[in-house]
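Enquirer: So that we are looking at the same thing, I have put the structure below in structure tokens.
The values are calculated or read from the model by the stated rules, or taken from the named source; none is laboratory data. What you are looking at is a predicted structure, and each value in this text was computed from that prediction instead of being measured. All Cβ positions, glycine included, derive from the backbone under ideal geometry; neighbour counts span all protein chains shown. Just the protein is used for accessible areas: all its heavy atoms, side chains included, with ligands, DNA and RNA removed. Shrake-Rupley method; radii C 1.70, N 1.55, O 1.52, S 1.80 Å.
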Amino acid sequence: MKTHVKALVVGGGAIGTSIAYHLARAGWQDVMLIERDELTAGSTWHSAGLLPYFNMSYATTHIHDYSIKFYKTLEEETGLNAGFSVVGNLRMAQTKARMDEYMVYATTAETCDVPYEWMTPAQIKERWPLVRTDDLEGAIYHPTDGYINPADVTIAMAKGARQRGVTIERKWQADAFTWTGDHWDVTLTRMVEKGGNLVPSDEQIVVSAEHVVTASGNHSQRIAQLLGIKMPAIPVEHQYIITEPDPELLKYREAGNIEHPVLRDADAKWYVREERGGWMLGPYEFNAPARFEYGCPDSFRADLFPLDLERIEEEYMSMIHRIPTTETAGLKADFNGPICYTPDGNPLMGPAPGLRNMWLAEGFSFGITAAGGAGKYLADLMVEGEAEIDMASLDPRRFGQDWMTTEYAARKNEEAYEHVYILHHPDEERPACRPLRTAPAYDRQKALGAQFGCVNGWERPNYYGPLDAPETFDHDARSFRRGGWWDYAKAEAEAIRSGVGLIDGSAFAKHRLTGPGATAFLDWFTCNKLPKVGRINLTYALTSHGTTRTEYTIVREGEEDYYLVSSGGLHAYDEDFLYKAIADKEAEFGRIKEEDVTTRWGVFAIAGPGSRDVLREIIKDVNPDTVLSNKRFPWLSVRNIELGMCPVKAIRVAYTGELGWELHHPIEMQNYLWDLLMMAGAKHGMKLVGARAQNWLRQEKSYRAFGHELGRDGTPLEADLPRFVDLSKDFHGKAALQETGVRSKCCTVLIDGPADADPWGREALYNGDARVGRLTSGGYSVTFGKSIGMGYVAPDLAVPGTKLQVKMFDQLWDAEVVEDSPYDPKNEAIRKDG
Ligand SMILES: Cc1cc2nc3c(=O)[nH]c(=O)nc-3n(C[C@H](O)[C@H](O)[C@H](O)COP(=O)(O)OP(=O)(O)OC[C@H]3O[C@@H](n4cnc5c(N)ncnc54)[C@H](O)[C@@H]3O)c2cc1C
């Protein structure tokens, strides 16, 4: 057995096998895969093998799309037929809201080149007469997907991997990982059969690997413990049953009809497909429990849990309703196995937090569908340094290491399972494990009608609804069109444009960098000029490919003293990148002290033409009349001020594009400051404002948002932000940024859309018949009284005056590219003196 390899893949399920295959295909010569048992012995063997395209995420859709296309090529490459039945996939809708969901999905699918068709109930009935359609609104049909044999596709990938030089060793378990500084020493234990069990023997070996990938499926908690990290991948029970042959189905097929597509009745929470003359029913029922929270027992191999028929009774009955002939078909077989989940339902794919050359590929709930693409995109990350799509939404570091617990992960994973078939409203907020992370003003905000969203565990007001709102108000307000919250957000946005509003920004990530190396490091790490002392700058840290890795507001408080503000949602993801870069560069630049001060500072943003008047009421200064003037407190500067008895680091900046300040304050004084601001604000009609209105307002200023316009699939120049890129200095990623050029360009569009809906920022953009790009943000503009969005098109189309169309609800709506910052292009409101 080899003891030195370039990459060691731990786990021989569909995921690990695909990664090994793709690493070899990407050119790595020395790849070894180890499996504690037999290949496919984890969840892979008992998977139903469905390969559904349907997915609301851009990144995941790309992954699934790659898999479906790749699996079709495997037989030619390996000679093994993995049993890919391209029967298509019919997703039915019982309600108009469900059809809306499919239409929102469809425009995203188009941006990923996924083919689909619409079907009416009559068309469904005509093609598949066994399906009851009288209570359906319609369906979306994917003709190119279907199902595959999960074990066969894994074995085919294993064969392809071996053909490309990968070594596969079975019956070896990874039991310890030690990082030596330039490689991992991984202790493997030989596993032996004893009385039907698999047990560790005394035989051990140490393998040195430059890179390690873990794809351990249900064993992820054990791997997390061995690595000393938190990994919220915990399985949940998932069942499917197979019926005896259905005589009516047999007759239908004997008459020469082709196989039914995979049928999905999303409102009934199940999938059904044909299986040897009978039917396979897979429900996503409520109350499926999490398993193996604290580790999967060594003895659990290709095992199953007992069937819990009572739990899936409702779904069983609804299958009989939808396909009445199933009523007489008896139950033939059942499967209840562990299916890995994560709190948001997306897998964990990418670097392990805090560790070098350790890659995670865990928490896959659609692992057969994802395996091909997961292997390809993770191999791209490892070999090339980046993949062509932004992998942030799948990155393991999106979950904070400092606050996440096993209990949280288990309960959220149960919720993610339950939510597989809920209506996936883009304005959805999931309820489990909340509230958990709250700033002190939470109770006050709640009492004033705040309806909260959850950002990295933090509660943050999305909007302020009616004071006497029932508990279900926000849930009931959700829609694929303009939800019940829309009027509240509109009033909030208008208040900021015409008066003054107060926004809670406490969830921002905040770091302090000090020490003799801080300036040189940040100058290399970020692409904009560093601000002078007392000033602030917006800047970007880039990937080695020159694309945007992190957006920072850098506040320079001293020569070597920096306060960095970045996205709250991606706190741990950004922090890991920052800390690793510091560790790499400290020897070169000098000592740098980094501190995570996120939970030390609360943030309120006050914005609007009246914001100065409110602050003037409560600011303590020798001359309160001038302290907030342009002379003493210019735009893009920082001052330590006192509001009543609260010391505040005030930053003159406003994400809304109005006169405004961010008030960073000691978190323990937050309620004092809140009360003070509310009292002063009352005199000036100050309105409480949530994140939704803020999101609309920033689009009127063409302010790019991290995770939307800004990410690892584009450079800041492609985001059309040359003013934040100082090409006269050297910075990380500069050469790649210049080499990349501008492949597509960010622009702002005003849209004459439907009367009852705005884009969500995922829609396809058209120029006549040609699809030319996609939106990355969307919303409503109170200034222009119509929908607004930002997105990417070819540079020659990103020119003001270009007429485009946005696909929404299966129709094309006129849109026009406008100058950046259509509201107040000269920034007069922000700079207003007083
Ligand atoms: C009932 C059911 C139906 C499903 N249906 C579908 C479906 O229709 N479509 C779909 O896409 N997905 C489906 N899934 C999900 C799918 O099965 C999983 O997402 C997929 O199998 C995960 O693959 P994996 O490689 O991550 O994990 P696994 O298949 O569990 O593989 C992990 C492997 O790692 C090995 N291992 C663990 N620890 C170590 C160690 N320390 N050293 C060495 N080896 C180790 C294990 O023995 C195991 O073989 C279903 C799941 C269930 C339970």
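Enquirer: In this structure, is Asn640 open to solvent by 40 Å² or more (accessible area, probe 1.4 Å), part of a loop (DSSP other than H, G, I, E, B) and free of Cβ contacts under 8 Å to residues at least 40 places away in the same chain?
Expert: Values: open to solvent by 40 Å² or more (accessible area, probe 1.4 Å): yes; part of a loop (DSSP other than H, G, I, E, B): no; free of Cβ contacts under 8 Å to residues at least 40 places away in the same chain: yes.
Criteria not met by Asn640.
Enquirer: Next question, about the same structure. If the Cβ limit is 6 Å and pairs must be 6+ apart or interchain, which residue in region 590-608 that is hydrophobic (A, V, I, L, M, F, W, C) pairs with which residue that is open to solvent by 40 Å² or more (accessible area, probe 1.4 Å) and in a loop (DSSP other than H, G, I, E, B)?
Expert: Val603/Phe508
Enquirer: Tally time: how many residues in region 549-583 are β-branched (Val, Ile, Thr), touching a residue at least 40 places away in the same chain (Cβ under 8 Å) and open to solvent by less than 30 Å² (accessible area, probe 1.4 Å)?
Expert: Let us first name the residues in region 549-583 that are β-branched (Val, Ile, Thr), namely 550, 553-555, 565, 582.
Right, trim to touching a residue at least 40 places away in the same chain (Cβ under 8 Å) and you get 550, 553, 555, 565, 582.
Remaining after also requiring open to solvent by less than 30 Å² (accessible area, probe 1.4 Å): 550, 555, 565, 582.
Total meeting the criteria: 4.
Enquirer: I'm told Gly385 meets every condition in (1) within 16 Å of the ligand (Cβ to nearest atom); (2) out of contact with any helix residue (DSSP H, G or I) (no Cβ under 8 Å at 6 or more places or on another chain); (3) open to solvent by 10 Å² or more (accessible area, probe 1.4 Å) except one. Can you identify the failing condition by its number?
Expert: The single condition Gly385 does not satisfy is (1).
Enquirer: Residues of region 1-17 being assigned to a strand (DSSP E or B), out of contact with any Leu (no Cβ under 7 Å at 6 or more places or on another chain) and more than 7 Å from the ligand (Cβ to nearest atom), which ones?
Expert: Taking region 1-17 and keeping what is assigned to a strand (DSSP E or B), we get 4-10.
With out of contact with any Leu (no Cβ under 7 Å at 6 or more places or on another chain) added as a condition, the list becomes 4-6, 8, 10.
Listed by number, the residues that qualify are His4, Val5, Lys6, Leu8.
Enquirer: Any idea which of Tyr102, Tyr71 is modelled with pLDDT of 95 or more, away from the ligand (no atom under 12 Å from the Cβ) and hydroxyl-bearing (Ser, Thr, Tyr)?
Expert: Working: Tyr71 fails: away from the ligand (no atom under 12 Å from the Cβ).
Sole residue among the options that is modelled with pLDDT of 95 or more, away from the ligand (no atom under 12 Å from the Cβ) and hydroxyl-bearing (Ser, Thr, Tyr): Tyr102.
Enquirer: To continue, here is another question. Could you pull out the residue among Ala650, Ala719, Ala682 that is more than 20 Å from Gly568 (Cα to Cα), buried (at least 22 other Cβ atoms within 10 Å of the Cβ) and either at pLDDT 95 or above or charged (D, E, K, R) (or both)?
Expert: Working: Ala650 fails: more than 20 Å from Gly568 (Cα to Cα); Ala682 fails: buried (at least 22 other Cβ atoms within 10 Å of the Cβ).
The unique qualifying residue is Ala719.
Enquirer: Okay, next question. Given Gly546, Gly610, which one is at positive phi and open to solvent by less than 40 Å² (accessible area, probe 1.4 Å)? Break it down stepwise before answering.
Expert: Details: Gly610 fails: at positive phi.
Of the residues listed, the single one that is at positive phi and open to solvent by less than 40 Å² (accessible area, probe 1.4 Å) is Gly546.
Enquirer: Looking at region 72-92, which of its residues are surrounded by fewer than 22 Cβ atoms within 10 Å (Cβ to Cβ) and not in a loop (DSSP other than H, G, I, E, B)?
Expert: Initially, region 72-92 is screened for residues surrounded by fewer than 22 Cβ atoms within 10 Å (Cβ to Cβ), giving 72-73, 75-88.
Selection gives Lys72, Thr73, Glu75, Glu76, Glu77, Thr78, Ser85.
Enquirer: Checking Pro470 against (1) free of Cβ contacts under 8 Å to residues at least 12 places away in the same chain; (2) buried (at least 20 other Cβ atoms within 10 Å of the Cβ), which test does it fail?
Expert: Condition (2) is where Pro470 drops out.
Enquirer: Restricting to region 317-334, and then to whatever is under 30 Å from Glu428 (Cβ atoms), buried (at least 18 other Cβ atoms within 10 Å of the Cβ) and touching a residue at least 60 places away in the same chain (Cβ under 8 Å), can you tell me which residue is nearest to the chain's Cα centre (by Cα)?
Expert: In this case the residue turns out to be Arg322.
Enquirer: If you go through region 717-753, how many residues are over 26 Å from Leu765 (Cβ atoms) and either touching a Pro at 6+ places or on another chain (Cβ under 6 Å) or without any contact (Cβ under 8 Å) to a residue 40 or more places away in the chain (or both)? Show your work before the answer.
Expert: Step one: of region 717-753, the residues over 26 Å from Leu765 (Cβ atoms) are 726-736, 738-739.
If we keep only those that are either touching a Pro at 6+ places or on another chain (Cβ under 6 Å) or without any contact (Cβ under 8 Å) to a residue 40 or more places away in the chain (or both) as well, we get 727-728.
Total satisfying the criteria: 2.
Enquirer: From Thr214, Thr120, Thr187, Thr154, which residue is at pLDDT 95 or above, away from the ligand (no atom under 11 Å from the Cβ), open to solvent by less than 70 Å² (accessible area, probe 1.4 Å) and among the polar types (S, T, N, Q)?
Expert: Values: Thr214 fails: away from the ligand (no atom under 11 Å from the Cβ); Thr187 fails: away from the ligand (no atom under 11 Å from the Cβ); Thr154 fails: away from the ligand (no atom under 11 Å from the Cβ).
The conditions single out Thr120.
Enquirer: Follow-up question, since we're still on this one. Give me the helices (runs of 4 or more DSSP H) completely within region 111-228, filtered to those with at least 3 residues that are more than 19 Å from Gly16 (Cβ to Cβ), ordered by residue number.
Expert: Numbers: elements: 121-127, 150-163, 220-227.
Answer list for region 111-228: 121-127.
Enquirer: What's the number of the condition Gly295 fails, among (1) away from the ligand (no atom under 15 Å from the Cβ); (2) in contact with a helix residue (DSSP H, G or I) (Cβ under 7 Å, 6 or more places away or on another chain); (3) not aliphatic (A, V, I, L, M)?
Expert: Failed condition: (1).
Enquirer: Taking Asp487 as meeting all but one of (1) in contact (Cβ under 8 Å) with a residue 12 or more places away in the chain; (2) open to solvent by 40 Å² or more (accessible area, probe 1.4 Å), write down the number of the exception.
Expert: (1)
Enquirer: Here's something else I'd like to know. Let me confirm something: among Met358, Met404, which residue is closer than 27 Å to Tyr579 by Cα and within 14 Å of the ligand (Cβ to nearest atom)?
Expert: Values: Met404 fails: within 14 Å of the ligand (Cβ to nearest atom).
Only one candidate passes the filter, namely Met358.
Enquirer: Does region 344-366 hold any residues that are in a loop (DSSP other than H, G, I, E, B) and closer than 10 Å to Thr214 by Cα, and which are they? Let's see the steps before the verdict.
Expert: Taking region 344-366 first, the residues in a loop (DSSP other than H, G, I, E, B) are 344-347, 352-357, 363-366.
Ala352, the sole residue that qualifies.
Enquirer: Looking only at residues in region 18-44 that are in a helix (DSSP H, G or I) and within 6 Å of the ligand (Cβ to nearest atom), which one is surrounded by the most Cβ atoms within 10 Å (Cβ to Cβ)? Can you show your working first?
Expert: Of region 18-44, the ones in a helix (DSSP H, G or I) are 18-25, 43-44.
Filter once more, so that each one left must be within 6 Å of the ligand (Cβ to nearest atom): 43-44.
Values: Ser43: 24, Thr44: 27.
Among those that are in a helix (DSSP H, G or I) and within 6 Å of the ligand (Cβ to nearest atom), it is Thr44.
Enquirer: Hey, another quick one. Only residues that are in a helix (DSSP H, G or I), surrounded by fewer than 22 Cβ atoms within 10 Å (Cβ to Cβ) and of a type in the set (A, V, I, L, M, F, W, C): list them for region 685-713, please.
Expert: First, the residues of region 685-713 that are in a helix (DSSP H, G or I): 691-700.
Going one step further and asking which of them are surrounded by fewer than 22 Cβ atoms within 10 Å (Cβ to Cβ), we end up with 691, 698.
Matches in region 685-713: Ala691 only.
Enquirer: Every residue in region 758-789 that is among the aliphatic types (A, V, I, L, M), over 21 Å from His425 (Cβ atoms) and not in a loop (DSSP other than H, G, I, E, B), please. Let's see the steps before the verdict.
Expert: Residues of region 758-789 among the aliphatic types (A, V, I, L, M): 764-765, 770, 772, 775, 782, 788.
Now restrict to residues that are over 21 Å from His425 (Cβ atoms): 765, 770, 772, 782.
Of everything in region 758-789, those that are among the aliphatic types (A, V, I, L, M), over 21 Å from His425 (Cβ atoms) and not in a loop (DSSP other than H, G, I, E, B) turn out to be Leu765, Ala770, Val772.
Enquirer: For region 593-626, which positions are part of a helix (DSSP H, G or I) and either farther than 30 Å from Val455 by Cα or among the hydrophobic types (A, V, I, L, M, F, W, C) (or both)? Talk me through it step by step, then tell me what you get.
Expert: Restricting attention to region 593-626, the residues satisfying the condition of being part of a helix (DSSP H, G or I) are 611-618.
Those that are part of a helix (DSSP H, G or I) and either farther than 30 Å from Val455 by Cα or among the hydrophobic types (A, V, I, L, M, F, W, C) (or both): Asp613, Val614, Leu615, Arg616, Glu617, Ile618.
Enquirer: If you don't mind, there's one more thing I want to ask. Would you mention how many residues in region 241-263 are open to solvent by 10 Å² or more (accessible area, probe 1.4 Å) and either in contact with a helix residue (DSSP H, G or I) (Cβ under 9 Å, 6 or more places away or on another chain) or not in a strand (DSSP E or B) (or both)? Steps first, answer last, please.
Expert: Of the residues in region 241-263, the ones open to solvent by 10 Å² or more (accessible area, probe 1.4 Å) are 242, 244-245, 247-248, 250-259.
Filter once more, keeping what is either in contact with a helix residue (DSSP H, G or I) (Cβ under 9 Å, 6 or more places away or on another chain) or not in a strand (DSSP E or B) (or both): 244-245, 247-248, 250-259.
The number of residues fulfilling the criteria is 14.
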